[in-house]
Amino acid sequence: MLSRSVLFRQSRRCVSQLSHIKPPKEITNEPVKSFDSTATLDWDLLRASVSKFNNASLDVPLVINGKRIFYNEGNRSFHQQVNPAKHSQVLANVTQASKEDVAAAIEASKTAKAKWLKMPFYDRAAVFLKAADLISTKYRYDMLAATMLGQGKNVFQAEIDCITELADFFRFNVKYAAELYAQQPCESSPGVWNKAEYRPLEGFVYAVTPFNFTAIAGNLIGAPALMGNTVVWKPSQAASLSNYLLLTVLEEAGLPHGVVNFVPGNPVEVTSQVLADKEFAALHFTGSTAVFKQLYGQIQQGVVTDRYRDYPRIVGETGGKNFHLIHPSANLPHAVLSTLRGAFEFQGQKCSATSRVYLPQSKSAEFLADLVGSLRSVRTVNTSASKINGGDLHGFMGPVIHEQSFDKLAGVIDEAKNDPELEIIAGGEYDKTNGFFIEPTVIKTTNPNHKFLSTEFFGPVLTVYEYPDAEFAQICEIIDKTTAYGLTGSIFARDRDVINTADELLKYSAGNFYINDKCTGAVVGQQWFGGARMSGTDDKAGSGNILSRFVSIRNVKENFYELTDFRYPSNYE
């Protein structure tokens with residue numbers, strides 16, 4: 001007879017893979033704090049957190065199997081994460097993983113997996129539900145301050161990122177996971193019981209996360225971990241501060257040691273070692289298209305050479321060259337303001353940012369006059385760094401993330417100044433004396449095939465093109481073929497026939513298509529996010545679909561009837 005403890009362990013194994021437990025309450029989107037002029041307490045708490053991070057730089061360690069490893073332990077180097085609005089200010093000294101550290105993180109992931117995958121879904125879900133509550137309460141203002149200072153966000157951009165979207169990812173993923181586990185075979189023959197088990201992948205997941213959204217980092221590690229996987233996490237060097245804070249929140253919420261191992265370091269060196277391991281099971285990536293293509297090729301080569309036990313899952317979201325298409329019937333003031341937000345919120349450092357606009361000739365002059373006029377009220381590089389981010393927490397524009405990005409964008413603007421097919425009609429200035437500031441810039445082109453309409457710049461640079469009013473269908477075809485990307489896009493029109501035409505002709509040009517709204521700002525649970533073509537694998541973060549990429553389904557059939565003969569009825573005469 002099996003002992004009670006053995007039976008209990010067996011029941012825990014079953015529950016971890018097949019669970020109909022429901023979240024404790026109906027999951028809804030976390031409310032966004034407005035931080036308007038009446039929110040005095042919110043502003044006071046935010047200023048206190050900003051001051052705390054401003055007062056001293058933080059040493060950010062590696063975290064491997066729960067152990068903190070700092071750069072002054074052994075012969076490790078460190079990377080200085082600076083405030084991009086005031087690059088003389090070092091926010092964090094970030095320990096860089098050595099080859100031995102990466103190997104240790106991989107082993108820790110493998111070891112922790114044996115226990116984590118057997119943990120009941122209830123317990124795994126509880127970690128992320130509690131983390132969401134900690135983020136939206138106890139750590140709200142610290143998360144905001146770390147993201148604002150480290151990643152150059154204004155308070156609203158930080159609020160919708162590292163608080164509301166991050167909490168939404170954690171909570172909605174629990175809802176989606178419960179629904180996924182509940183999907184079972186709909187038929188069983190007499191005397192047969194069928195069930196589906198949603199096993200985590202066999203091996204470990206490698207998460208490569210970007211600088212621009214703390215929430216994306218949380219989802220890239222959180223989605224696979226919730227499903228019973230363990231993770232080696234390489235954060236962006238430019239987001240290490242907020243990402244480390246996020247990990248400490250998860251640990252406080254009960255995340256066991258080794259489930260997520262935090263290894264900032266040289267991306268090429270860390271990645272090479274991870275992809276060389278036989279038990280590498282999945283890549284969860286957000287970043288540049290060029291890097292994703294390289295990783296995709298390396299993984300496929302590993303498959304060809306029998307390096308891996310399985311076919312690794314590849315889940316990636318990369319770049320975009322996203323469009324606003326304005327029709328003569330559009331509400332022009334609304335389209336102008338939507339374009340300003342879509343192009344210049346967070347300095348255009350969103351893969352979904354509006355970077356090309358197509359204007360009908362009959363409305364172009366009015367549209368551009370309104371856009372340029374509105375931009376005059378936006379704080380630009382002519383305002384001191386302390387006034388844009390840090391000193392004046394009410395600013396709209398901030399810095400781009402680092403000097404490499406600044407230099408690239410400054411080069412783009414200089415190129416536009418010397419190209420006869422381009423005309424800068426707003427902005428065009430830049431300054432890195434104190435911080436990495438690029439003025440919001442609008443460039444008009446006479447060439448519908450110009451590279452400024454196809455190349456992603458990832459900054460506050462918007463290119464516009466005028467089309468003849470009568471050639472609306474033709475411009476839709478041009479938009480569809482101009483770039484290799486297919487992430488987001490918008491149509492602004494009142495005419496329903498026009499909207500339907502655009503919807504059909506631009507069917508594959510955008511994984512997220514907006515009607516009379518800006519092409520940024522997808523909300524978890526509302527607009528599932530992701531694009532195809534060279535924008536990624538379109539697995540739709542913010543939906544249940546992405547969780548299915550981090551499970552390996554086993555179907556179990558149990559038969560209750562016993563055979564008395566090998567023959568079928570048709571075998572008898």
Exercise. Hey, could you check region 458-471 for residues that are within 22 Å of TYR508 (Cα to Cα) and surrounded by fewer than 21 Cβ atoms within 10 Å (Cβ to Cβ) and say which is farthest from the chain's Cα centre (by Cα)?
Key: GLU471
Exercise. Find all pairs meeting these conditions: Cβ atoms under 7 angstrom apart; at least six residues apart or on different chains; first residue within region 556-573 and touching a residue at least 12 places away in the same chain (Cβ under 8 Å); second residue assigned to a loop (DSSP other than H, G, I, E, B).
Key: ASN559/GLY191; PHE560/GLY191; TYR561/GLY191
Practice problem: Please give the number of the condition ALA502 fails out of (1) outside the structural domain of SER362 (by TED's automatic domain parsing); (2) crowded, with 18+ Cβ neighbours inside 10 Å. | Solution: (1)
Practice problem: Give just the number: which of (1) among the polar types (S, T, N, Q); (2) part of a helix (DSSP H, G or I); (3) crowded, with 24+ Cβ neighbours inside 10 Å does THR164 not satisfy? | Solution: (3)
Quiz item: For the subset of region 359-388 comprising residues that are surrounded by 13 or more Cβ atoms within 10 Å (Cβ to Cβ) and charged (D, E, K, R), which member is modelled with the lowest pLDDT?
Solution: LYS387
Exercise. Say whether the condition of being touching a His at 6+ places or on another chain (Cβ under 9 Å) and at pLDDT 95 or above is met by at least one residue in region 192-205.
Key: yes
Self-check item: Count of residues meeting criterion [buried (at least 21 other Cβ atoms within 10 Å of the Cβ) and either charged (D, E, K, R) or in a loop (DSSP other than H, G, I, E, B) (or both)] in region 440-456
Solution: 3
Self-check item: Single condition LEU393 does not satisfy, out of (1) in a loop (DSSP other than H, G, I, E, B); (2) at pLDDT 95 or above
Solution: (2)
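For VAL50, state whether it is in a strand (DSSP E or B) and not charged (D, E, K, R).
No.
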Quiz item: Yes or no: PHE472 aromatic (Phe, Trp, Tyr), outside any loop (DSSP other than H, G, I, E, B), out of contact with any Gly (no Cβ under 7 Å at 6 or more places or on another chain) and not assigned by TED's automatic domain parsing to the domain that holds SER288?
Solution: yes
Quiz item: Quick one: what pairs do we get from region 123-148, first residue acidic (Asp, Glu), second surrounded by fewer than 22 Cβ atoms within 10 Å (Cβ to Cβ), C-beta under 6 Å, 6+ apart or different chains?
Solution: ASP142/SER49
Self-check item: Of all residues making up region 284-298, the number that are touching a Lys or Arg at 6+ places or on another chain (Cβ under 9 Å) and either among the hydroxyl-bearing types (Ser, Thr, Tyr) or surrounded by fewer than 23 Cβ atoms within 10 Å (Cβ to Cβ) (or both)
Solution: 0
Quiz item: Taking region 65-109, which residues are part of a loop (DSSP other than H, G, I, E, B) and either closer than 21 Å to LYS52 by Cα or over 27 Å from the mean Cα position of the chain (by Cα) (or both)?
Solution: PHE70, TYR71, ASN72, GLU73, GLY74, ASN75, ARG76, SER77, PRO84, ALA85
Exercise. Could you list, in sequence order, all residues of region 435-458 that are out of contact with any strand residue (DSSP E or B) (no Cβ under 6 Å at 6 or more places or on another chain) and not hydroxyl-bearing (Ser, Thr, Tyr)?
Key: PHE436, GLU439, PRO440, ASN447, ASN449, HIS450, LYS451, GLU456, PHE457, PHE458
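The values are calculated or read from the model by the stated rules, or taken from the named source; none is laboratory data. None of the values given here were measured: they were computed from a predicted structure. Cβ sites come from the backbone with ideal geometry, for glycine too, and all protein chains shown count toward neighbours.
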